[in-house]
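No lab work stands behind these numbers, since they all come straight from the coordinates. Bear in mind that the values here come from a model prediction, so they are computed numbers and not experimental data. Cβ atoms come from the backbone with ideal geometry, glycine included; neighbour counts cover every protein chain shown.
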C-alpha cells in the first residue's frame, strides 16, 4: 500500500521537527505532528499502543467523552509504561458539556 506523501515525510521524532519556527508561527501548524513525534520518542516502536487520537471536530459531544475517552482511559498502558497519551485534535470544538465531562475524567 502506498503511503501519502505527508505521512511518508512526517517527522518521526522531536529531533526532526527543527528549523520550522517561522512556518509554524505563521500557520499555527505542526501540533499534531509534534504530538505524534513525542509519542514515538516516548514509547518507541510500540507508540501506537499508547497513543490515541480523536478528532474533536467530528466527535465533539459529551457522548464521545463518556464512551471513547473513558474507555481509552480505563485501558492499562502497554509495554511497561505507566501512562498513555489521548490526543484530542481540534479540542477547542468540544461542547461545554463534553469539556466538563473531560475535566471529571482527568
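Laid out as a table, the results:
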read-out: The chain: relative contact order as a whole-number percent, Cα under 8 Å and 6+ apart; value: 28
read-out: Separation of the residue 7 and residue 82 label points, Cα + 7 Å toward Cβ, nm; value: 3.5
read-out: Full-extension gain in nm, residue 57 to residue 16, via 0.36 nm per residue minus C-alpha separation; value: 12.0 nm
read-out: Contour minus Cα-Cα distance for residue 74 and residue 106 (0.36 nm per residue); value: 10.4 nm
read-out: Order of 78, 83 under a 10 Å beta carbon neighbour criterion, fewest first; value: 83, 78
read-out: Residues 102, 38, 75, 14, sorted so that the one with the fewest Cβ neighbours within 10 Å comes first; value: 75, 14, 38, 102
read-out: Values of log10 I(q)/I(0), in the order q = 0.10, 0.23, 0.24 Å⁻¹, for the chain under a Debye, Cα-only, solvent-free model; value: -0.35, -1.23, -1.26
read-out: Value at 222 nm in deg cm²/dmol, rounded to 500, when DSSP H runs of n ≥ 4 in the chain each add -39,500 (n - 2.57); value: -10500 deg cm²/dmol
read-out: Spin-label model distance (nm) - residue 97 vs residue 34, 7 Å beyond Cα toward Cβ; value: 3.3
